[in-house]
Amino acid sequence: MTRTLRPHNFSAGPGELPPGVLEAASRALIEVPEVGLPLLGISHRSKWFGDVVAEAEAIVRDLLDLPKNYHVLFLQGGATLQFSAVAATFLRDRNRFADYLETGYWSRKCLPEARKEGRIRVLWSGEADGYSRLPSDVELDLSPDAAYFHYISNETVEGLQFHRLLGLEGVRRVCDMSSDFLSRPIDVQKFDLIYAHAQKNLGPAGVTVVILRDDVLEEVPEGLPSMMDYRPHVEMRSIFNTPPTFGIYVVLLVLRWLRDEVGGLVAMNRINETKAARLYAMLDRSDGFYRGRAARIDRSLMNVSFNLPTPELERSFLQEAQGQGLFGLEGHRSCGGVRASLYNAVSLESVDRLCRFMAEFRDAADPSVVDQTRPVEAVV
Ligand code: PMP
């Protein structure tokens, strides 16, 4: 099928990638000119691929202003393997424990994996509030004795994002940044370990970036499966076994785009703020027709989750949106509704197109449905 119009892709991940990246990746699939072979047929031990990893690492370092005592790894197993690897690194000594938060779908998934490796305390759960808000600092009884403190900076399903740094000085800080990594500047030096899979802001599924401070390696116990032991990956510069060569190459293309075309993380953040502000303004102007799930202060710039007055309206909203070239708007299977993901590569033009559609859809809806009482966002 030939497409005449580029779709507007609001998928929660794997998600939108810059058009130039997709074109360059498809050309490389056929042939990488420097090598004269298709990308999928080039050895991971070739000089060319070693240079790909080195350049990707260098751009991550540059974008984040990363000090020398941090390592950058491109691993496999998704963020889910990191749920286990982090806990296995620090908690196999049975006298230790870690502090965790349960702020949404993904942190709930993380907890049982960590528990398989050791003892954790769940300091706060958003379950009673239907995961509609994040905790304030006074609600968190953080322990200075924890081996580490773990949180998820952006809950992808509920659309909740921390807009501040959490944790205690002197306690290792570990963060799953899968759905907002490289969407805004961060002070990396406050973190001991950050992990993020690529399929939101960085590239295709199959690659997970891990950034860790050198002294974390001293904590790794003997006997871990090699894929969960950070040391061989550091030693072999992410080429311990056969890495996902295609995925890492596409990550490199996205990183070049972010540095050279967007202009880095400050510029990226400004664009992301503008996109989210336009969409939230649309929700707020809709007189309760579009109902945001997240408390206002915790609204995510990456994932905007909302409901319409009835499930029937949600169904026709999604169907009509697709008919107009607006894709990937279905809410997560755990909670339904609508979710627009505004990752780095989603353009302002796509967001404006979505807002226009939302205004038209609302204006065309039967006014008697507008006041029906489905829960409205928590105003916290
Ligand atoms: N953490 C977060 C914040 C996520 O959004 C997801 C998946 N979307 C995961 C972890 C799980 O990632 P993966 O499928 O790569 O294991």
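The values are calculated or read from the model by the stated rules, or taken from the named source; none is laboratory data. Keep in mind that this is a model prediction, so the values were computed, not measured. Backbone-built Cβ (ideal geometry, glycine too); neighbour counts: all protein chains shown. What goes into the accessible areas is simple: the full protein's heavy atoms, side chains included, and nothing from ligands, DNA or RNA. Shrake-Rupley method; radii C 1.70, N 1.55, O 1.52, S 1.80 Å.
Applying the selection to region 90-115, what residues are open to solvent by 20 Å² or more (accessible area, probe 1.4 Å) and in a strand (DSSP E or B)? Talk me through it step by step, then tell me what you get.
Here is the first cut: in region 90-115, the residues open to solvent by 20 Å² or more (accessible area, probe 1.4 Å) are 92-97, 102, 105-106, 108-109, 112-113, 115.
Hits for region 90-115 are Phe97, Glu102.
Any chance you could count how many residues in region 309-325 are buried (at least 22 other Cβ atoms within 10 Å of the Cβ) and in contact (Cβ under 8 Å) with a residue 60 or more places away in the chain?
Matching residues across region 309-325 total 0.
So, in region 215-234, of the ones that are among the acidic types (Asp, Glu) and loosely packed, with under 13 Cβ neighbours inside 10 Å, which residue ends up farthest from Asn69 (Cα to Cα)?
Of the residues in region 215-234, the ones among the acidic types (Asp, Glu) are 215, 218-219, 222, 229.
Add one more test, that the residue is loosely packed, with under 13 Cβ neighbours inside 10 Å, and what stays is 215, 218, 222.
Working: Asp215: 8, Glu218: 13, Glu222: 22 Å.
For region 215-234, the residue satisfying everything is Glu222.
Being at pLDDT 95 or above, of a type outside the set (D, E, K, R) and under 24 Å from Lys47 (Cβ atoms), is that true of even one residue in region 215-232?
For region 215-232, residues at pLDDT 95 or above, of a type outside the set (D, E, K, R) and under 24 Å from Lys47 (Cβ atoms): present.
Select from region 179-200 the residues that are within 14 Å of the chain's Cα centre (by Cα) and open to solvent by less than 10 Å² (accessible area, probe 1.4 Å) and list them in ascending order.
Listed by number, the residues that qualify are Ser179, Asp180, Phe181, Leu182, Ser183, Ile194, Tyr195, Ala196, Ala198.
Is it the case that Tyr151 is in contact with a Gly (Cβ under 9 Å, 6 or more places away or on another chain) and not in a loop (DSSP other than H, G, I, E, B)? Don't jump to the end; show me each part of the working.
Values: in contact with a Gly (Cβ under 9 Å, 6 or more places away or on another chain): yes; not in a loop (DSSP other than H, G, I, E, B): yes.
Judged against the criteria, Tyr151 is a match.
Would a scan of region 174-182 turn up a residue that is hydroxyl-bearing (Ser, Thr, Tyr) and closer than 21 Å to Ser300 by Cα?
We begin by selecting, within region 174-182, every residue hydroxyl-bearing (Ser, Thr, Tyr); these are 178-179.
Subsequent filtering for residues that are closer than 21 Å to Ser300 by Cα retains 178-179.
Yes; the residues of region 174-182 include at least one that is hydroxyl-bearing (Ser, Thr, Tyr) and closer than 21 Å to Ser300 by Cα.
Any idea which of Val346, Val351 is among the hydrophobic types (A, V, I, L, M, F, W, C), open to solvent by less than 10 Å² (accessible area, probe 1.4 Å) and outside any helix (DSSP H, G or I)? Explain how you work it out, then say what you get.
Numbers: Val351 fails: outside any helix (DSSP H, G or I).
Only one candidate passes the filter, namely Val346.
Find the residue count for region 29-57, including only residues that are surrounded by 14 or more Cβ atoms within 10 Å (Cβ to Cβ) and either touching a strand residue (DSSP E or B) at 6+ places or on another chain (Cβ under 9 Å) or among the small types (Gly, Ala, Ser) (or both).
Selection size over region 29-57: 8.
Take the conditions more than 16 Å from the ligand (Cβ to nearest atom), acidic (Asp, Glu) and closer than 25 Å to Met228 by Cβ and apply them to Glu57. Does it pass? Break it down into steps so the answer makes sense when it comes.
Details: more than 16 Å from the ligand (Cβ to nearest atom): yes; acidic (Asp, Glu): yes; closer than 25 Å to Met228 by Cβ: yes.
When the stated conditions are applied, Glu57 passes them.
For Pro375, all conditions in the list (1) under 23 Å from the mean Cα position of the chain (by Cα); (2) open to solvent by 70 Å² or more (accessible area, probe 1.4 Å); (3) modelled with pLDDT under 95 hold save one; what is the number of the exception?
(1)
Whether any residue in region 358-366 is assigned to a loop (DSSP other than H, G, I, E, B), open to solvent by 10 Å² or more (accessible area, probe 1.4 Å) and over 26 Å from Arg6 (Cα atoms) is what I want to check.
As a first pass, look at region 358-366 and keep what is assigned to a loop (DSSP other than H, G, I, E, B): 365-366.
Checking which are open to solvent by 10 Å² or more (accessible area, probe 1.4 Å) leaves us with 365-366.
Cutting the leftovers down to over 26 Å from Arg6 (Cα atoms) gives us 365-366.
Scanning region 358-366, I find at least one residue that is assigned to a loop (DSSP other than H, G, I, E, B), open to solvent by 10 Å² or more (accessible area, probe 1.4 Å) and over 26 Å from Arg6 (Cα atoms), so the answer is yes.
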